[in-house]
Amino acid sequence: MNLTAENHSIPLSDGNHIPLLGLGTYGDPQTTPKGTALECVKLAIDVGYRHFDGALVYFNEHEVGQAIREKIADGTVRRQDIFYCGKLWNTFHPPQLVRPALERTLKALKLDYVDLYVVELPMAFKPGAGFYPKDQAGNYIYHHTDLCATWEALEACKDAGLVKSLGVSNFNRRQLELLLNKPGLKHKPVSNQIECHPYFTQPKLLEFCRQNDIVIVGYCPIGSSRDASWVNVKCPPMLEDELLVSIGKKHNKSPAQVALRFNVQRGVAVIPKSFTPERIRHNFQIFDFSLTEEEMKAIEALNKDIRFVELLM
């Protein structure tokens with residue numbers, strides 16, 4: 001199944017496409033068993049997923065890359081069918097560190113290029129061996145960053161053919177405008193990955209990005225796990241919402257499928273993270289129904305401006 005612009009993809013301003021439904025590959029290296037990402041990505045490709053969201057700090061890019069290569073080798077897909085997104089971590093913002101960071105991702109994947117490479121956060125940590133530098137008091141050590149200089153280094157990576165498209169993540173309007181208005185801008189950000197779901201619909205940022213041909217990629221599109229180390233567990237469990245449940249029953253779908261379909265119909269790419277085979281299949285089954293205009297408006301009205309991911313750092 002080759003995903004094209006006519007069915008399940010979003011065209012980017014530079015001619016590429018982001019499939020509407022992707023698979024987030026975030027995993028805790030301390031709790032995720034070895035080989036999990038490998039098997040899940042292979043399964044996802046067989047199911048029909050083509051967009052895979054990864055990062056160096058997920059510590060599993062070697063498995064994701066192996067899965068992609070194996071499915072290419074067995075004839076299931078071609079490289080051009082796969083859309084892989086990697087991320088520039090906070091400790092690599094200085095321009096001289098940008099290309100080496102991307103090359104680490106390419107080495108782990110054993111691929112010649114990534115389709116999209118994004119600045120993971122609009123802030124920097126002190127460069128060094130560790131990804132999460134802290135002082136003796138346990139506070140994160142930040143680093144002055146010039147986002148425009150970082151972006152210019154990313155533009156050079158694109159010009160060198162190491163990445164097809166460039167984007168950002170967790171950027172607000174002001175930070176996006178900083179790049180869009182940069183003197184001498186060669187390649188604009190084509191996407192902005194942000195938390196986006198029925199409880200956090202981001203209407204203003206979504207409209208700004210639409211006006212500037214920037215695709216919104218929504219993470220946590222069906223809520224998140226209740227992991228207190230990075231999630232605000234005081235948030236109500238979205239998938240138990242009565243409206244999502246009732247709409248799901250009407251369409252013979254689950255609340256999760258309704259939440260995913262909601263964003264897809266708004267033109268938001270979604271990247272639900274799952275390492276469970278049944279859920280990977282389940283999340284993909286959203287292209288055989290549509291929400292009515294009334295249902296879309298009702299779900300939009302659920303917005304509570306709630307962030308599940310607090311990003312306390």
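From the residues Thr36, Thr105, Gly48, which one has its Cα farthest along the dipole of region 1-140 in the positive direction, the dipole being from +1 and -1 charges on Cβ of Lys/Arg and Asp/Glu about the Cα centre?
Thr105
Quickly work out the Leu311-to-Tyr132 label distance, labels modelled 7 Å from Cα along the C-beta direction, and quote it in nm with one decimal.
The two pseudo-label positions are separated by 1.7 nm.
Go through region 308-313 residue by residue and turn each phi into a ³J(HN,Hα) via Karplus (6.51, -1.76, 1.60, θ = phi - 60°); whole Hz please, and just put x for glycine and proline.
Per residue, the Karplus-derived 3J(HN,Hα) values read 6, 8, 7, 6, 4, 5 Hz.
Classify region 177-313 from the C-alpha gyration tensor, please: rounded if a/c falls under 1.5, else prolate or oblate depending on whether a/b exceeds b/c.
prolate
Placing +1 at every Lys and Arg Cβ and -1 at every Asp and Glu Cβ, with all other atoms neutral, what dipole size does the chain have around its Cα centre, in debye to the nearest 20?
260
Under the classification rounded if a/c is under 1.5, otherwise prolate if a/b is larger than b/c and oblate if not, where does region 16-55 fall, given a ≥ b ≥ c as square roots of the Cα gyration tensor eigenvalues?
Taking the square roots of the gyration eigenvalues as a ≥ b ≥ c, region 16-55 is oblate.
What is the gain in length, in nm to one decimal, between Asp46 and Thr276 on full extension, counting 0.36 nm per residue of separation less the C-alpha to C-alpha distance?
Here the segment from Asp46 to Thr276 would lengthen by 81.4 nm.
Each residue of region 263-280 in order: what ³J(HN,Hα) in whole Hz does its phi give by Karplus 6.51 cos²θ - 1.76 cosθ + 1.60, θ = phi - 60°, with x for Gly and Pro?
So the Karplus estimates, Gly and Pro as x, are 5, 4, 6, 8, x, 9, 6, 10, 10, x, 8, 7, 10, 9, x, 5, 6, 4 Hz.
What are the residues whose amide H is under 5 Å from the amide H of His51, where those residues sit 5 or more places off or on another chain and H is modelled from the backbone?
Hits under the 5 Å cutoff: Leu23, Phe83.
Non-local amide H neighbours of Val119 (under 5 Å, H modeled in plane, Pro and chain starts lacking H): which ones?
Under 5 Å from the amide H of Val119: Leu88, Gly167, Val168, Ser169.
HN-Hα J couplings of region 52-59 from phi, Karplus 6.51/-1.76/1.60, θ = phi - 60°, integer Hz, Gly and Pro as x?
Those phi angles translate into 10, 9, x, 5, 4, 7, 7, 6 Hz.
Going through region 114-194, which chymotrypsin sites (Phe, Trp or Tyr not before Pro) have at most 11 other Cβ atoms within 10 Å and a DSSP loop state?
For chymotrypsin sites (Phe, Trp or Tyr not before Pro) across region 114-194 that sit outside H, G, I, E and B with at most 11 neighbouring Cβ atoms in 10 Å, the list is empty.
Can you pull out the trypsin sites (Lys or Arg not before Pro) in region 241-274 whose DSSP state is coil and whose Cβ has at most 15 other Cβ atoms within 10 Å?
none
Under unit Cβ charges (Lys, Arg +1; Asp, Glu -1), what dipole magnitude, rounded to 20 debye, does region 262-311 have relative to its Cα centre?
About 260 debye.
Residues with amide H under 5 Å of Phe131's amide H, sequence separation 5 or more or different chain, H placed in the peptide plane at 1.01 Å from N; which?
The list, which skips near neighbours in sequence, is empty: none.
Suppose we keep just the DSSP beta bridges with both residues in the chain; what percent of those would be antiparallel, to 5?
About 25 percent, rounded to the nearest 5.
Could you work out the pair-distance distribution P(r) of the chain from its alpha-carbon pairs, with 10 angstrom bin width and percents rounded to whole numbers?
P(r) over the chain, rounded to whole percents: 6, 27, 37, 24, 6, 0.
Please report the relative contact order for region 126-186, taking Cα pairs under 8 Å with a sequence separation of at least 6, and give it as a percent rounded to a whole number.
Reported as a whole number, the value is 25 percent.
If each residue of separation counts as 0.36 nm, what is the full-extension length gain between Lys297 and Ala156 once their alpha-carbon separation is subtracted?
46.5 nm
Give the Rg (one decimal place) followed by the Dmax (whole number) of region 71-113, computed from C-alpha coordinates and expressed in Å.
Rg then Dmax for region 71-113, in Å: 13.1, 40.
Let me have the 222 nm mean residue ellipticity of the chain computed from DSSP H runs of 4+ only, each contributing -39500 (n - 2.57), with the sum over all residues rounded to the nearest 500.
-10500 deg cm²/dmol
Summing Lys, Arg as +1 and Asp, Glu as -1, what charge do residues with Cβ under 14 Å from the Cβ of Ile247 carry, Ile247 excluded?
After counting each charged neighbour, the total is -2.
Computed from the coordinates by the stated procedures, all read-outs in this text should not be read as laboratory data. Only a predicted model underlies this, so the values are computations on that prediction, with no experimental measurement involved. Cβ atoms come from the backbone with ideal geometry, glycine included; neighbour counts cover every protein chain shown.
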